[in-house]
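Encoded as structure tokens, the structure appears first; notes follow it.
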Number of protein chains: 2
Amino acid sequence: MPKSATRIQQKNQAAIMTAGLEVFSQFGFRGSTLDQVADAAGLSKPNLLYYFPSKDAIYTALLARLLENWLEPLHQMNDAGDPVEEILGYANRKLTMSRDFPRESRLFANEILQGAPRIKDVLAGELRALVEAKATVIKRWIAEGKIKPVDPVHLIFSIWSLTQHYADFDVQVRAILGDTDPFDTAETHLNDVFRRLLTP
Amino acid sequence: MPKSATRIQQKNQAAIMTAGLEVFSQFGFRGSTLDQVADAAGLSKPNLLYYFPSKDAIYTALLARLLENWLEPLHQMNDAGDPVEEILGYANRKLTMSRDFPRESRLFANEILQGAPRIKDVLAGELRALVEAKATVIKRWIAEGKIKPVDPVHLIFSIWSLTQHYADFDVQVRAILGDTDPFDTAETHLNDVFRRLLTP
DNA sequence: TGCTTATTTGACCATCTGGTCAAAGACACG
DNA sequence: CGTGTCTTTGACCAGATGGTCAAATAAGCA
């Protein structure tokens, strides 16, 4: 049985994950250095490598933790609920994630931009299966006349892109909006978009 | 007066730009190496540095060229045209750019993800001004009842995110869609989205 | 052809980077 | 307090990386 991590281990492992998230989400895997991560974690480099065997291990651990949370909001979409509200609810959950976890969003974006070398199988496996399952539900909703006809998979892509945009392109959004908080106005806008797209 | 570049200069400078685009768009500035770029250009590293003074110079040149083309499609939106068609036309032009110039899109995405250190001023200056100008036009269209009420700036964000998604998240999109070509179905979908959002 | 300029290259350098290791310091617990 | 374990660190290493330079080679042109 694995010995439970000591207090110090818990603290430092958490610090490293946070630091890694901060650094990797900004520069990507290859653009980040162990020194940067160690700095951000307030540890020396050898000390950092006492807790994780390699740079890759930190990055992989981050990606693994991320993927868990990433699919969750889509899972929550309930095929027994009201179609328009279920889809809007999903979009709103994703937007909230963009606001509360922008670094996670950017880490994911970085990985995808670089060709998703470490998670291509998850995308083509778990994610694809989940999307297809939800697409089937959406198709049923369309057949039942509960929502207007729409390509279900592209609808999901739209939710992803419209919500993640506010995290991934944050600097651009803020450069244009100035002092206005992006997320307040974004929520209203996205609800407009999806309601008009879907309400029969 | 600057001597016109020789045939060899033109060829090699072009090769370097293409190679740099290929490499930088995948790994970002810090994640890319001169050796990679030199390899992709079919030149030795010192030879590459004979044409560009530094890694930074190549990257900056690429960004500069990119920004020119990036704003162009939005400029083309004609305030005297039919509102819905003008906005859809812009979205379609952007989608076409995502299909034909995905590396440019990813280069831009990488730069923004990293906090846009080299182009923040362009975003807050030229881009912001352009967006504000077009937002004014859109507001007028709304006031005239030509399109449904919508937040003009977020509308523009939506066009960006929905279209660039197909270039930036290409691997994810293809992992989910399988053999289907993303862009054929995307075009129909995006027209649905914007028509339902805007048509009064 | 010969001569000038443009191009290419191999060898080289300082710095950075991921990672190792042995020794020193801090903790926990009897 | 003492002792065994956990944690931290300074010194170090091999390879990668951005960049330089003098010398060799190829074009261009009179």
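The values are calculated or read from the model by the stated rules, or taken from the named source; none is laboratory data. Note that the structure is a prediction, hence the values are computed from the model and not measured. Cβ: placed from backbone, ideal geometry, glycine included. Neighbour counts: every protein chain shown. What goes into the accessible areas is simple: the full protein's heavy atoms, side chains included, and nothing from ligands, DNA or RNA. Shrake-Rupley method; radii C 1.70, N 1.55, O 1.52, S 1.80 Å.
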In nm, one decimal, shortest first: how far is the label point of A:Leu130 (7 Å from Cα along Cα to beta carbon) from the matching points in the other copies? 3.6
Which one, B:Leu48, B:Ile176, B:Asn191, is farthest towards the positive end of the dipole of chain B when Lys and Arg carry +1 and Asp and Glu -1 on their Cβ? B:Leu48
Could you let me know the centre-to-centre spacing of segment A:109-141 and segment A:44-74, using Cα atoms, in angstrom? 21
Bin by bin, in steps of 10 Å, what percent of the Cα pairs in segment A:1-52 do you find, going until the bin that has the longest distance? 26, 51, 18, 4
If the label point sits 7 Å along Cα→Cβ of A:Ile8, residues of segment A:32-59 with amide N under 18 Å come out as A:41-53
Given the C-alpha centroids of segment A:149-196 and segment B:155-173, what is the distance between them in whole angstrom? 11
Sequence order, segment A:95-100: Karplus ³J(HN,Hα) from phi using 6.51 cos²θ - 1.76 cosθ + 1.60, θ = phi - 60°, Hz rounded, Gly and Pro as x, gives 5, 4, 5, 4, 6, 8
As a test of reading the structure, rank A:Arg103, A:Arg30 by solvent-accessible area (1.4 Å probe, protein chains only), most first. A:Arg30, A:Arg103
Would you work out which of A:Thr96, A:Ala80, A:Trp141 lies farthest towards the positive end of the dipole of segment A:66-198, given +1 charges on the beta-carbon of Lys and Arg and -1 on that of Asp and Glu, about the Cα centre? A:Trp141
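Which value, in debye to the nearest 20, describes the size of the charge dipole of the protein assembly as shown about its Cα centre when Lys and Arg Cβ atoms bear +1, Asp and Glu Cβ atoms bear -1, and nothing else is charged? Can you show the working numbers first?
Working: 46 positive and 50 negative charges, 161 e Å.
The calculated dipole for the protein assembly as shown is roughly 780 debye.
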With the crude spin-label approximation of a point 7 Å out along Cα→Cβ, what separation in nm comes out for B:Ser54 versus A:Glu85? 5.9
For segment B:54-61, take each phi angle, set θ = phi - 60°, evaluate the Karplus expression 6.51 cos²θ - 1.76 cosθ + 1.60, and give the result in whole Hz per residue in order, putting x for glycine and proline. 6, 4, 4, 5, 5, 4, 4, 4
Under a point-charge model restricted to the Cβ atoms of Lys and Arg (+1) and Asp and Glu (-1), what is the dipole moment magnitude of chain B relative to its Cα centre, in debye to the nearest 20? 500
Relative to chain B, whose Cα atoms define the longest principal axis, helix B:152-168 and its Cα axis are tilted in degrees, nearest 10, by 50
Surpassing 28 Å at the alpha-carbon level, of the pairs A:Lys146/B:Lys148; A:Lys134/B:Lys134; A:Lys146/B:Lys139; A:Lys148/B:Lys94; B:Lys11/B:Lys134, are A:Lys134/B:Lys134; A:Lys146/B:Lys139; B:Lys11/B:Lys134
Need one value: the accessible area of B:Lys120 in square angstrom, 1.4 angstrom probe, rounded to the nearest 10. 110
Out of B:Thr188, B:Thr136, B:Thr96, a Gaussian network model of chain B with alpha-carbon springs under 10 Å gives the largest mean-square fluctuation to B:Thr188
Identify which of A:Phe52, A:Phe108, A:Phe29 has the largest mean-square fluctuation in a Gaussian network model of chain A, with springs joining Cα atoms closer than 10 Å. A:Phe52
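With charges set only on the Cβ (+1 for Lys and Arg, -1 for Asp and Glu), what does the dipole of segment B:1-95 come to about its Cα centre, in debye to the nearest 20?
640
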So for chain A, averaging the separation of alpha carbon pairs under 8 Å that are six or more residues apart and normalising by length, what relative contact order in percent results? 23
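Please report, in cubic angstrom per residue, the volume enclosed by the convex hull of the alpha-carbon atoms of segment A:92-200.
105
Under the rule a/c < 1.5 gives rounded, and otherwise a/b versus b/c splits prolate from oblate, where does segment B:23-125 land using the Cα gyration tensor?
On the way: a/c = 2.74, a/b = 2.26, b/c = 1.21.
In terms of gyration-tensor shape, prolate.
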For a quick check, take a GNM of chain A with Cα springs below 10 Å and name the residue from A:Asp184, A:Asp168, A:Asp56 with the largest mean-square fluctuation. A:Asp184
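Take every residue in peptide A:107-120, count the Cβ atoms of other chains within 10 Å of its Cβ, and give the average of those counts. Working shown, then result.
Values: counts 1, 2, 7, 7, 2, 9, 15, 8, 5, 5, 1, 0, 3, 4.
Mean shielding count: 5.
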Honestly the protein assembly as shown on the Cα gyration tensor test (a ≥ b ≥ c root eigenvalues; a/c under 1.5 rounded, otherwise a/b vs b/c for prolate or oblate) is just oblate
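Which value, in Å to one decimal place, does the Kirkwood hydrodynamic radius take for chain B when every pair of different Cα atoms is included? Write out the running numbers ahead of the final one.
Working: mean 1/r = 0.0533 Å⁻¹.
Taking every pair of different Cα atoms in chain B, averaging 1/r and inverting gives 18.8 Å.
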Decide, for segment B:19-76, between rounded, prolate and oblate: order the square roots of the alpha carbon gyration tensor eigenvalues as a ≥ b ≥ c, take rounded if a/c falls under 1.5, and otherwise choose prolate if a/b is larger than b/c, else oblate. prolate
A:Asp100-B:Leu71 pseudo-label distance in nm [points 7 Å out on the Cα-to-Cβ vector]: 3.8
